[in-house]
Amino acid sequence: MRTAYDFSPLYRSVIGVDRMADLIETAMRSEGDRTYPPYDIEKIGEDAYRITLATAGFKADELELTAQPNLLIVSGRKASGDEGHTYLHRGIAGRDFERRFELADYVVVKSAQHADGLLSIDLAREVPEALKPRRIEIGAPGGFSEPKRIGDDKSDRQAA
């Protein structure tokens with residue numbers, strides 16, 4: 001059962017939520033045949049992630065990774081090499097696939113390894129230095145003058 005949501009009130013009242021609404025709509029679409037190949041997403045550090053896809057039957061040269069801004073596309077194209085094989089049962093899926101991963105801002109692909117039928121893709125969130133939070137020192141009005149202390153008048157000293 002699919003429930004449709006109308007995001008038009010967000011578009012009228014908040015600027016810049018169109019990307020967030022698109023992400024929600026994409027996530028709500030039915031998976032259908034897009035469940036192949038199975039995958040895991042794990043957080044391996046504060047700003048580090050790993051996607052592991054089960055790519056049994058694929059060689060490294062039959063897999064392709066394409067990184068675009070806010071999008072990672074992993075595709076597998078099986079080379080035709082089944083000539084001369086007669087299968088009584090074929091349980092290892094070897095069909096072509098394309099898997100898309102929406103990435104948050106500043107998430108980049110660092111590396112990819114293919115071993116033991118698993119494709120591991122390491123990602124990291126790299127926020128530019130100019131966008132990182134920084135601490136601003138608050139100065140005294142009119143420059144760097146010494147703060148005045150209460151009761152520091154000469155008349156207060158003489159009366160005492």
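Taking each residue of region 114-143 that is on the phi > 0 side of the Ramachandran plot and looking for partners that are of a type in the set (A, V, I, L, M) and at pLDDT 95 or above with beta-carbon atoms closer than 8 Å, six or more apart or interchain, yields nothing.
Condition check ((1) of a type in the set (S, T, N, Q); (2) in contact with a Cys (Cβ under 9 Å, 6 or more places away or on another chain); (3) within 14 Å of Thr52 (Cβ to Cβ)) across all residues:
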| position | (1), (2), (3) |
| --- | --- |
| Gln68 | yes, no, no |
| Ala79 | no, no, no |
| Tyr87 | no, no, no |
| Ile92 | no, no, no |
| Asp96 | no, no, no |
| Arg99 | no, no, yes |
| Tyr106 | no, no, no |
| Ala112 | no, no, yes |
| Asp116 | no, no, yes |
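The set of residues from region 71-124 being among the β-branched types (Val, Ile, Thr) and in contact with a strand residue (DSSP E or B) (Cβ under 9 Å, 6 or more places away or on another chain) comprises Ile73, Val74, Val107, Val108, Val109, Ile121. When region 67-94 is filtered for residues that are surrounded by 11 or more Cβ atoms within 10 Å (Cβ to Cβ) and more than 24 Å from the chain's Cα centre (by Cα), the ones remaining, listed by number, are Arg77, Lys78, Asp82, Ala93, Gly94. The residues of region 67-101 that are free of Cβ contacts under 8 Å to residues at least 60 places away in the same chain and among the basic types (Lys, Arg), listed by number, are Arg77, Lys78, Arg90, Arg95, Arg100. Here is the figure for region 89-132: residues that are in a loop (DSSP other than H, G, I, E, B), closer than 15 Å to Pro37 by Cα and of a type in the set (Val, Ile, Thr) total 1. What number of residues in region 57-88 are in a loop (DSSP other than H, G, I, E, B), closer than 20 Å to Phe101 by Cβ and of a type outside the set (D, E, K, R)? The number of residues fulfilling the criteria is 3. There is no residue in region 78-96 that is assigned by TED's automatic domain parsing to the domain that holds Lys110, modelled with pLDDT of 80 or more and closer than 14 Å to Leu118 by Cβ.
Of all residues in region 46-56, exactly one satisfies the criterion of being out of contact with any Asp or Glu (no Cβ under 8 Å at 6 or more places or on another chain), under 13 Å from Ile121 (Cα atoms) and either among the β-branched types (Val, Ile, Thr) or not in a strand (DSSP E or B) (or both), namely Thr55.
The values are calculated or read from the model by the stated rules, or taken from the named source; none is laboratory data. Everything quoted here is computed from the prediction, not taken from an experiment. Cβ: placed from backbone, ideal geometry, glycine included. Neighbour counts: every protein chain shown.
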